[in-house]
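Scroll down for the structure; my scribbles are underneath it.
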Amino acid sequence: MSYPFKEIEKKWQDIWFEKKSFSAADEGGKPKYYALIEFPYPSAEGLHVGHPRSFTAMDIIARKRRMEGHNVLFPIGWDAFGLPAENFAIKHGVHPRESTGRNVANFKRQLKMLGFSFDWDREINTTDPAYYKWTQWIFQRLFKKGLAYKADIPINWCTSCKVGLANEEVINGTCERCGSPVVKKNKNQWMLRITEYADRLINDLDEVDYLDKIKTQQINWIGKSYGAEIDFSVSRDLNIRVFTTRPDTIFGATYLVLSPEHPMLADLGRLISNGPEVRNYCEQAKYKSDLERMDLSKEKTGVMLEGLGAVNPATQEKIPIWVSDYVLMGYGTGAIMAVPAHDQRDYEFAMKYKLPVREVISGGDISVEAYEGDGLLVNSGFLDGLNVEKAKEEIVAWLGTHNLGRSKINYKLRDWVFSRQRYWGEVIPMVQCDKCGWVPVPEEELPVLLPEVKSFISGEDGKSVLEGLTDWVNTKCPKCSGSAKRETDTMPQWAGSSWYFLRYIDPKNMSEFAAKEKLDYWLPVDWYNGGMEHTTLHLLYSRFWHKFLYDEGLVPCKEPYKKRTSHGMILGSDGEKMSKSRGNVVNPDDIANEFGADVFRVFLMFIGAFDLAVMWNTEGLIGISRFLNRVWNTVEKIDVNISLAEKDLRLMHRTIMIVSDRIEKMRFNTAVSEIMSYTNELLAMTAIPKKMIEILCVLLYPFAPHMTSEIWENAISKDTGLMDQRWPEYDSNLITEENVTIAVQVNGKLRGTLDVEKGMSQERLFELVIGDDKLSKYVDRGKVKKVIYVPDKLLNIVAGK
């Protein structure tokens with residue numbers, strides 16, 4: 001008999017919603033557990049399959065924690081401000097508020113359809129004035145502490161959208177959203193001094209449980225480096241100051257490189273003979289994002305400043321000066337000394353333009369590539385024979401003695417550009433007075449609401465549409481009562497997402513962003529999962545805001561998230577990122593309607609290793625559907641009159657141990673494999689003890705909550721619900737069996753071994769291979785032709801390429 005998912009899933013979704021089954025209490029005798037997902041941007045297209053992958057994973061954790069006796073907060077909300085909604089409004093003539101409202105309603109329907117155990121009473125929306133009042137309030141506190149300021153800086157400017165873009169929003173010199181050219185443009189922007197927190201943002205990573213690759217991303221983005229600033233003389237009264245992390249290699253510096261944005265280029269223009277060529281190159285560099293320019297695989301380009309040179313202070317040799325876009329103005333001084341023998345980027349540039357390559361560190365073959373390893377100094381005068389670290393000390397001391405340089409700590413991290421010249425965002429709650437300067441809007445006047453406009457299109461000069469609302473812009477200075485003007489830029493989409501996890505704690509509080517006693521109870525977030533694409537900027541920004549609030553005495557902990565994990569992307573069946581233009585998008589509605597929510601959920605967890613990108617495979621849904629139908633039919637074999645044999649107890653407790661362990665390690669695919677094997681063992685029995693079905697329901701419940709709740713109600717107990725059961729604990733005495741080592745071959749070639757209990761079936765052993773991180777890369781389940789098993793000795797998988 002097939003599992004009738006349409007009627008059963010709707011039934012349980014209604015029960016959970018009406019009974020508020022997943023509402024968290026703000027106090028009580030249970031230990032708290034705060035599980036968090038990245039709240040979604042409600043796009044017009046609705047959910048894509050990437051959302052449910054992350055959401056299902058944390059839903060599994062949340063449901064398991066409730067069964068383990070925790071008071072679980074698992075909230076949901078909407079990151080609804082932003083450029084996409086504004087572009088949609090411009091294209092279709094619909095106010096962003098209207099389209100956003102429709103999109104949120106659709107997302108909410110889809111999330112309920114998939115049975116996620118969110119606490120809907122805590123739902124938030126960044127476009128709600130009751131929410132963004134506190135976003136504005138936090139900004140004002142940053143301003144009052146000197147952490148928000150205005151400055152003229154070059155930004156990525158979309159020539160069509162007429163807004164500034166983050167580096168990540170620029171793809172191959174074009175706007176990610178509209179495809180129009182992006183240029184560098186100087187704009188007067190609000191900035192946040194995140195650089196003041198650079199060291200703490202690195203050091204405090206030691207106190208949290210993040211994946212190593214996430215910590216590495218954070219550290220690399222901040223980019224703290226120890227080195228030296230060195231002056232290279234161009235003329236008697238003109239020096240070029242470079243920053244280098246390798247001052248020990250100065251004797252190998254054979255040319256200098258300036259960033260196309262370097263302000264000294266204007267001064268040098270009168271001294272060079274190819275000014276038009278240099279200016280043209282610098283103009284073209286405006287069309288490239290910093291990410292593109294830092295791409296190590298990109299071919300290096302540049303122009304030499306003809307008729308000009310600089311003196312290497314160590315060798316007294318005159319060396320050429322170039323301008324190239326692989327040097328960024330935002331890092332160091334915007335100028336580098338190029339040592340092609342020991343830096344691969346410099347080496348590729350030197351090879352292309354036939355520049356000298358001089359070895360100064362022994363140990364490599366610079367006729368092939370740059371040598372970036374350790375060694376002893378050579379061809380370096382008084383540094384010869386020293387190791388790298390000692391040479392660094394000696395040269396920095398020598399430079400200091402001769403007033404030619406100094407030691408320096410540098411950061412790649414720049415202050416956060418916080419202005420956007422668009423409509424659909426939080427108003428920056430500041431006014432500008434000719435007498436008083438920038439003054440915060442009085443706190444009692446927050447939130448500053450977005451005024452109504454007839455058009456959302458920015459002017460050709462890039463000014464916000466809000467600038468044209470003179471009645472709104474012209475106001476009184478809160479400090480001196482003189483004439484003043486409101487700020488017309490709005491905040492970036494990052495603003496609302498930098499503190500949303502705090503508002504979930506007390507979402508209806510109108511007098512503060514959250515009550516102290518509730519913050520003390522719920523913080524920090526115990527487990528936060530999201531995409532790797534957000535483990536750099538969003539994570540950095542939210543950690544910065546949280547640390548500031550901690551310094552202000554407003555939150556009880558230095559770090560907002562105790563644990564952070566990430567999931568891999570789901571690619572289309574063609575192996576490409578899903579997009580409408582490629583025609584490879586999968587709509588969750590279609591999957592849920594054809595197969596049901598539980599099949600979809602289990603499939604998303606079974607499709608592959610959770611932290612890796614996987615390709616969508618619709619055929620896999622059919623296999624999961626068959627599996628759940630087999631689970632559904634286990635009840636036909638329940639016999640309440642038979643007791644558990646020892647082998648049944650061992651099977652049951654071993655399964656409890658493995659599934660529990662795999663869930664905690666986010667190895668959901670192998671957890672599902674283990675439940676599949678357990679189910680097959682049950683169905684091989686003539687009659688199944690009721691207790692073994694109970695364990696099956698509990699272990700599968702976080703993955704497939706609708707079907708297991710129905711089985712429990714019909715076959716186990718009508719008096720107590722499945723969600724109220726305790727998560728089972730295993731008895732270690734029942735899982736200690738004699739182990740054997742199995743040799744695993746693929747097409748006759750040894751690929752590894754597995755230590756397993758004696759007598760394991762071929763089916764269970766095969767599933768362990770598929771779930772093993774090292775062995776699974778050699779086997780594609782869909783291409784297996786035959787499996788040869790010598791019990792307790794060898795497993796040989798015969799598979800196509």
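The values are calculated or read from the model by the stated rules, or taken from the named source; none is laboratory data. This is a predicted model, so every value here is computed, not measured. Methodologically, a virtual Cβ is constructed for each residue, glycine included, from the backbone with ideal geometry; neighbour enumeration extends over all protein chains shown. For accessibility, only protein heavy atoms count, side chains too; no ligands or nucleic acids. Shrake-Rupley method; radii C 1.70, N 1.55, O 1.52, S 1.80 Å.
When the residues of the stretch 514-537 are filtered to those that are more than 25 Å from residue 664 (Cβ to Cβ) and not acidic (Asp, Glu), which remaining residue is most open to solvent (accessible area, probe 1.4 Å)? First the steps, then the outcome.
If we filter the stretch 514-537 for residues that are more than 25 Å from residue 664 (Cβ to Cβ), which is where we start, we get 514-520, 536-537.
Right, trim to not acidic (Asp, Glu) and you get 514-516, 518-519, 536-537.
Working: 514: 5, 515: 8, 516: 134, 518: 52, 519: 3, 536: 25, 537: 13 Å².
Among those residues, the one meeting the criterion is 516.
Could you name every one of the strands (runs of 3 or more DSSP E) located completely within the stretch 195-287 that has at least 1 residues being surrounded by fewer than 17 Cβ atoms within 10 Å (Cβ to Cβ) and over 20 Å from the mean Cα position of the chain (by Cα)?
Filter on the stretch 195-287 gives 225-235, 238-244.
Could you go through the stretch 721-737 and let me know if any residue there is touching a strand residue (DSSP E or B) at 6+ places or on another chain (Cβ under 9 Å), touching a residue at least 12 places away in the same chain (Cβ under 8 Å) and of a type in the set (Ser, Thr, Tyr).
Looking through the stretch 721-737, none of the residues is touching a strand residue (DSSP E or B) at 6+ places or on another chain (Cβ under 9 Å), touching a residue at least 12 places away in the same chain (Cβ under 8 Å) and of a type in the set (Ser, Thr, Tyr).
Right, residue 507: open to solvent by 10 Å² or more (accessible area, probe 1.4 Å), closer than 14 Å to residue 135 by Cβ and part of a loop (DSSP other than H, G, I, E, B) or not?
For residue 507, the condition - open to solvent by 10 Å² or more (accessible area, probe 1.4 Å), closer than 14 Å to residue 135 by Cβ and part of a loop (DSSP other than H, G, I, E, B) - is met.
Would you tally the residues in the stretch 770-794 being among the hydrophobic types (A, V, I, L, M, F, W, C) and either in a loop (DSSP other than H, G, I, E, B) or out of contact with any strand residue (DSSP E or B) (no Cβ under 6 Å at 6 or more places or on another chain) (or both)?
Matching residues across the stretch 770-794 total 4.
Do any helices (runs of 4 or more DSSP H) entirely within the stretch 444-504 hold 1 or more residues that are over 34 Å from the mean Cα position of the chain (by Cα), and if so, which?
The qualifying helices (runs of 4 or more DSSP H) are 470-473.
Please find, among 427, 388, 396, the residue that is of a type outside the set (Gly, Ala, Ser) and not assigned by TED's automatic domain parsing to the domain that holds residue 336.
Working: 388 fails: not assigned by TED's automatic domain parsing to the domain that holds residue 336; 396 fails: not assigned by TED's automatic domain parsing to the domain that holds residue 336.
Every option except 427 fails the conditions.
Could you list, in sequence order, the residues of the stretch 258-314 that are within 19 Å of residue 343 (Cα to Cα) and modelled with pLDDT of 85 or more?
Answer for the stretch 258-314, where residues must be within 19 Å of residue 343 (Cα to Cα) and modelled with pLDDT of 85 or more: 258, 259, 299, 300, 301, 302, 312, 314.
What about residue 90, is it farther than 25 Å from residue 664 by Cβ and either assigned to a helix (DSSP H, G or I) or over 19 Å from the mean Cα position of the chain (by Cα) (or both)?
yes
Give me the residue from the stretch 753-765 that is in contact with a strand residue (DSSP E or B) (Cβ under 6 Å, 6 or more places away or on another chain) and assigned to a helix (DSSP H, G or I) and, out of that set, most open to solvent (accessible area, probe 1.4 Å).
Here the answer is 762.
Return yes when residue 105 is over 23 Å from residue 495 (Cβ atoms) and either touching a strand residue (DSSP E or B) at 6+ places or on another chain (Cβ under 6 Å) or not assigned by TED's automatic domain parsing to the domain that holds residue 549 (or both) and no when it is not.
No, not satisfied.
Note down all Cβ pairs under 7 Å where the first residue falls in the stretch 774-793 and is hydroxyl-bearing (Ser, Thr, Tyr), the second is exposed (fewer than 15 other Cβ atoms within 10 Å of the Cβ), and they're at least six residues apart or on different chains.
Note: pairs meeting the criteria are 789/762.
Give me the residue from the stretch 661-673 that is over 22 Å from residue 758 (Cα atoms) and not aliphatic (A, V, I, L, M) and, out of that set, surrounded by the most Cβ atoms within 10 Å (Cβ to Cβ).
668
In the set 233, 225, which member is touching a residue at least 60 places away in the same chain (Cβ under 8 Å) and within 30 Å of residue 185 (Cβ to Cβ)?
Numbers: 233 fails: within 30 Å of residue 185 (Cβ to Cβ).
Just a single option satisfies the conditions, and that option is 225.
Do you know which of the residues in the stretch 18-59 that are in contact (Cβ under 8 Å) with a residue 60 or more places away in the chain, under 22 Å from residue 723 (Cβ atoms) and of a type in the set (D, E, K, R) is surrounded by the most Cβ atoms within 10 Å (Cβ to Cβ)?
59
Right, residue 650: open to solvent by 40 Å² or more (accessible area, probe 1.4 Å), touching a helix residue (DSSP H, G or I) at 6+ places or on another chain (Cβ under 8 Å), part of a helix (DSSP H, G or I) and basic (Lys, Arg) or not?
Yes: the conditions hold for residue 650.
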